[in-house]
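Peer 1: Structure below; questions to follow.
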Amino acid sequence: HLQDAASTMRRAAATALLTAALTFSPTMPDLQQQQRISGDVPTTAGFITPSTLVVRPQIASAADYGSLTDEQKAVAEAWRLVDNSYIERTFNNQDWFGIRQDAVKKKYKNMDEARSEIQSLVSSLGDKYTRYLPPAKYQSMVDAATGTLAGVGVEISTDNDGRIIASDVEANSPAVRGGVKPRDVFIEVDGTRFDDGKATPDDVASKLRGPEGSKVGVVMERDGKTLDYILTRQKITVTSVKTYMSDKSGVGKVGVIKIKSFSGTTADTVKKAVEDLKKKGANAFVLDVRNNPGGLLPGGIDTASLFLDASKPVVFEVNKNGFVKATETFAPGIELESPLVVLANGNTASAAEVMSAALKENGRAKLVGEQTFGKGIVQTIRQLSYDNGGVAITVQRYETPLHNDINKSGIPVDIVSKGCVSDDAVTCIPKEAFASR
């Protein structure tokens, strides 16, 4: 009965999250303002794809800090936000309260010194997803979420050699008009080099984003040749779902649905895609989530539900107190019989892993490709007062339907197919993957 109640509450929350989608308003109450956006590995310039996030701006009262200086208040506020929510209650086996006491006693010459202290304080937790967001970084994320920041229309990830590449290029975007092609390697953006092996997709994305109409210089490499582009940023409408028909010997017509990221409308789009592909004669289906960093969590949940029978577990969320929220399917999905394969790789993360695990562990689909990334935790972004940026805080972890914790380990595949980058997903999948489970 407790699980049923938790499921009911989680379903209501999921509905609210779908409504919130990618909105952001500091004046909205916390419950109305929650948004979940997942994935930290690949990033698409022009829109936000951070780790699974719940954005909850909060302005602290100066009365909470007595006679502290503004700089000391900023440090104390950051400490308090982490203290209230962080999932790992030993705080990396530190004297967390002692750290606060030492930090607020320090004399800071200016706010930059206070922000450096916040960076040090948060970094001491040893959690790369719990981090300080300086004002420019925080504002960039807000602008991207509200559509006030533009990009060039490329999806960014890493290849097998760790190089930053354009994993996909959006149609009718500045990038495609300029000549950028999938799998081109980023060398330099606006004078900043990204070929040192230390850069991340997010580093490149932050350079590609900027005001609409502004220009950005990009240097890329293709087949050993260096290519220079000057691209004009524009607002990007991302096509997150693409479909096509393929054939497999011994299987027949296969309907392929490539999901680049999850949003509040993804499940509806996939539902229509399945119906259309069936009309064209598809008798098997592939969900291609290679390089999918996640997206809106309910989008992943609802997409999985399209292929599952009623009352099947989809995901469990565990908070800092060990309380478990269970999500299960409401009613039978629209496609329960046709062979189904999920194609994933090492950049398949977060909400995409939630969907993949739900279909695999409920026995509905075979998972083919490479072990997934392993992003099984949830972050909250909390705004700091007085334009001091924000902090991202790990607040929950996921468990799969079989209660596996995939964080840092990922989901093992049923059938290994390494390094396949073909645009036709079916060529990456052996015939036996389409056999009945």
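The values are calculated or read from the model by the stated rules, or taken from the named source; none is laboratory data. Treat the numbers as computed from the prediction; the structure is a model and nothing was measured. For neighbour counting, all protein chains shown are included, and Cβ atoms are generated from backbone atoms with ideal geometry for every residue, glycine included. SASA here: full protein model, heavy atoms, side chains in, ligands and nucleic acids out. Shrake-Rupley method; radii C 1.70, N 1.55, O 1.52, S 1.80 Å.
Peer 1: Taking amide H atoms as placed 1.01 Å from N in the peptide plane, list the residues 5 or more away in sequence, or in a different chain, whose amide H sits under 5 Å from that of Asp168.
Peer 2: Glu155, Arg183
Peer 1: Let me ask something additional. For region 177-229, report the accessible area per residue in Å² (1.4 Å probe, heavy atoms, rounded to an integer). Show your work: numbers first, answer last.
Peer 2: Working: 2920 Å² over 53 residues.
Value for region 177-229: 55 Å² per residue.
Peer 1: Related question: Can you give the FRET efficiency to the nearest 0.05 for Lys109 and Asp309, using r as the Cβ-Cβ distance and R₀ = 60 Å? Walk me through the intermediate numbers first.
Peer 2: On the way: r = 63 Å, r/R0 = 1.05.
Computed FRET efficiency for Lys109 and Asp309: 0.45.
Peer 1: If you roll a 1.4 Å probe over region 250-331 with all protein chains in place, what percent of the accessible area is carbon or sulfur?
Peer 2: On the way: 1410 of 2770 Å².
In region 250-331, the share of accessible area belonging to carbon and sulfur is 51 percent.
Peer 1: Would you check the accessible area of Lys320, probe 1.4 Å, heavy atoms only, in square angstrom rounded to 10?
Peer 2: 70
Peer 1: Also: Calculate, in nm to one decimal, what Gln94 and Glu275 gain on full extension: separation in residues at 0.36 nm each, minus their alpha carbon distance.
Peer 2: Working: separation 181, 0.36 × 181 = 65.16 nm, distance 5.46 nm.
Additional length available on full extension: 59.7 nm.
Peer 1: Between Val176 and Asp247, what is the label-to-label distance in nm when each label sits 7 Å out along the Cα-to-Cβ direction?
Peer 2: Each label point lies 7 Å from its Cα, and together they span 2.7 nm.
Peer 1: Around Ile230, under 12 Å between beta carbons, what's the net of Lys plus Arg minus Asp minus Glu among the other residues?
Peer 2: Details: positive: Arg177, Lys215, Arg233; negative: Asp190, Asp228.
In short, +1.
Peer 1: Related question: Taking the solvent-accessible surface of protein heavy atoms with a 1.4 Å probe, what is the per residue accessible area of region 282-428 in Å²? All intermediate terms of the calculation are to be shown ahead of the outcome.
Peer 2: Details: 4530 Å² over 147 residues.
Value returned for region 282-428: 31 Å² of accessible area per residue.
Peer 1: A 27 angstrom limit on the alpha carbon distance is what I want to check against. Which of Lys258/Lys278; Lys258/Lys375; Lys248/Lys271; Lys215/Lys408; Lys109/Lys137; Lys235/Lys258 exceed it? Write down the numbers at each step before the final one.
Peer 2: On the way: Lys258/Lys278 16 Å; Lys258/Lys375 20 Å; Lys248/Lys271 23 Å; Lys215/Lys408 38 Å; Lys109/Lys137 23 Å; Lys235/Lys258 23 Å.
With Cα atoms farther than 27 Å apart: Lys215/Lys408.
Peer 1: Report the FRET efficiency, 1/(1 + (r/R0)^6), for Gln139 and Asp190, where r is their Cβ-Cβ distance and R0 is 22 Å, rounded to 0.05. Don't jump to the answer; show the numbers that get you there.
Peer 2: Numbers: r = 18 Å, r/R0 = 0.82.
Plugging the Cβ-Cβ distance into 1/(1 + (r/R0)^6) gives 0.75.
Peer 1: Modelled label-to-label distance, Ile334 and Asn404, 7 Å Cα→beta-carbon offset: nm?
Peer 2: My value for the distance between the label points is 2.8 nm.
Peer 1: May I ask you to compute the full-extension gain from Gln101 to Lys215, defined as 0.36 nm times their residue separation minus their alpha-carbon distance, rounded to one decimal in nm?
Peer 2: On the way: separation 114, 0.36 × 114 = 41.04 nm, distance 4.65 nm.
Extra length available between Gln101 and Lys215 comes to 36.4 nm.
Peer 1: Would you mind getting me the FRET efficiency between Val416 and Asp387? Use the beta-carbon distance for r and R0 = 35 Å, nearest 0.05. Walk me through the numbers on the way to the answer.
Peer 2: Details: r = 49 Å, r/R0 = 1.40.
So the FRET efficiency works out to roughly 0.10.
Peer 1: Next question, about the same structure. Before I look further, what does region 92-147 give for accessible area per residue, probe 1.4 Å, in whole square angstrom? Spell out each step's value before the answer.
Peer 2: Working: 3000 Å² over 56 residues.
Each residue of region 92-147 exposes 54 Å² on average to a 1.4 Å probe.
Peer 1: Could you give the length gained by full extension between Thr427 and Thr69, i.e. 0.36 nm per residue of separation minus their alpha carbon distance, to one decimal place?
Peer 2: Details: separation 358, 0.36 × 358 = 128.88 nm, distance 6.27 nm.
The Thr427-Thr69 span can extend by a further 122.6 nm.
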